[in-house]
Amino acid sequence: MPSSSHRPRKRFGQHFLHDPRVLARIVDAVDPRAGDFIVEIGPGEGALTNFLLEKIDRLQVIELDRDLAAGLSDPRLTVHQADALAFDFGQFPAGMRIVGNLPYNISTPLLFHLARFADRVRDMHFMLQLEVVERMVAAPSTPEYGRLSVALQARFRMTKLFNVSKGAFRPPPKVESAVVRLFPLEKPLEVDEALLRKAFSARRKQLRNALPGIDFAALGIDASLRPENLSPQDYARLSMNSIL
């Protein structure tokens with residue numbers, strides 16, 4: 001595995017998780033079993049990788065940093081030296097499980113990218129910036145609720161598992177972190193991304209002003225509400241009837 005002397009690279013958003021108690025909690029949450037097809041995004045120095053390999057015989061890993069990827073030499077690993085943002089997860093079998101300590105500087109676009117493969121995923125467990133996790137699981141009419149909340153809740157059932165302090169990483173990030181679990185919904189909602197962007201760019205306006213041209217009364221939605229008050233189910237109904 002790569003040496004812990006590897007100098008973290010800011011351009012890759014590298015913060016290496018090293019606390020064995022946190023690593024053990026993540027693996028306990030994932031509960032890997034023999035026969036699971038598990039993909040780890042951003043293995044870095046291999047700390048979580050080693051914990052996972054105590055439970056399973058094979059592991060797929062995706063690492064952008066060429067030096068780190070070269071150091072992941074365990075024969076039980078299949079190493080993909082690639083950018084997860086552009087990676088085709090469709091090449092893996094249905095029922096895959098995805099885990100990782102995601103680079104915080106690309107976490108939101110990476111979540112949107114992974115959502116494209118939701119129908120092939122059994123579950124996902126990620127370490128993310130606490131603020132992002134709170135936005136992911138936020139309920140309507142709360143300050144954290146927004147486009148990310150709706151887009152992901154339309155595809156996944158999500159649970160925040162536990163917080164992780166800055167000191168669990170090398171170097172410590174400037175923000176607190178949390179671990180989140182995502183289960184794909186059996187019947188995902190179809191939500192129009194353009195509609196979401198338009199709605200939440202005017203989240204404080206009433207719907208009649210934020211999304212003009214929609215017959216809210218016909219959909220049974222109060223036009224005096226604001227975009228932040230609507231549920232993912234409401235946005236799915238709007239998407240089916242939108243003329244945007």
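For beta carbons closer than 6 Å, sequence separation of 6+ or different chains, a first residue in the stretch 1-28 that is among the small types (Gly, Ala, Ser) and a second that is modelled with pLDDT of 70 or more, the qualifying pairs are Ser4/Glu45; Gly13/Pro103; Gly13/Tyr104; Gly13/Asn105. Of the residues making up the stretch 186-203, those that are of a type outside the set (A, V, I, L, M, F, W, C) and in contact (Cβ under 8 Å) with a residue 24 or more places away in the chain are Pro188, Glu190, Asp192, Glu193, Arg197, Lys198, Arg203. In the stretch 72-103, the residue that is farthest from Val22 (Cα to Cα) out of those that are modelled with pLDDT under 90 and out of contact with any Leu (no Cβ under 7 Å at 6 or more places or on another chain) is Ser73.
Just one of the listed residues (Leu102, Leu59, Leu52, Leu114) is crowded, with 18+ Cβ neighbours inside 10 Å and within 22 Å of Pro172 (Cα to Cα), and it is Leu102.
Screening Arg25, Arg33 for residues that are assigned to a loop (DSSP other than H, G, I, E, B) and either at positive phi or surrounded by fewer than 19 Cβ atoms within 10 Å (Cβ to Cβ) (or both) leaves exactly one candidate, Arg33.
Taking the listed residues Val175, Val180, the one that is under 15 Å from Arg135 (Cα atoms), touching a residue at least 24 places away in the same chain (Cβ under 8 Å) and surrounded by fewer than 16 Cβ atoms within 10 Å (Cβ to Cβ) is Val175, with no other qualifying.
Against the numbered list (1) touching a residue at least 60 places away in the same chain (Cβ under 8 Å); (2) surrounded by 14 or more Cβ atoms within 10 Å (Cβ to Cβ), Gly167 comes up short only at (2). Can you find a residue in the stretch 179-188 that is assigned to a helix (DSSP H, G or I) and in the same structural domain as Arg25 (by TED's automatic domain parsing)? The answer is no; no qualifying residue exists.
Across the stretch 13-46, the number of residues qualifying as under 20 Å from the mean Cα position of the chain (by Cα) and among the basic types (Lys, Arg) comes to 1. Only one of the numbered conditions (1) exposed (fewer than 14 other Cβ atoms within 10 Å of the Cβ); (2) under 24 Å from Glu40 (Cβ atoms) is not met by Met158, and that is (1).
Number of residues in the stretch 180-204 that are touching an Asp or Glu at 6+ places or on another chain (Cβ under 7 Å) and among the small types (Gly, Ala, Ser) equals 0. Residue pairs whose Cβ atoms lie under 8 Å apart, sitting 6 or more positions apart in sequence or on different chains, and linking a residue in the stretch 148-159 that is closer than 15 Å to Leu130 by Cβ to a partner that is among the hydroxyl-bearing types (Ser, Thr, Tyr) and surrounded by fewer than 21 Cβ atoms within 10 Å (Cβ to Cβ), are Leu148/Thr108.
Looking at the stretch 195-207 only, could you name the residues that are over 11 Å from Arg147 (Cβ atoms) and either crowded, with 17+ Cβ neighbours inside 10 Å or at pLDDT below 95 (or both)? Passing the criteria: Ala202, Arg204, Leu207.
Identify all residues within the stretch 28-47 that are modelled with pLDDT under 95 and in contact with a helix residue (DSSP H, G or I) (Cβ under 9 Å, 6 or more places away or on another chain); write none if there are none. Within the stretch 28-47, Gly42, Pro43, Gly44, Glu45, Gly46, Ala47 qualify.
The values are calculated or read from the model by the stated rules, or taken from the named source; none is laboratory data. Note that this is a predicted model, so its numbers are computed, not measured. Every residue, glycine as well, gets a Cβ built from its backbone with ideal geometry; the counts of neighbours run over all protein chains shown.
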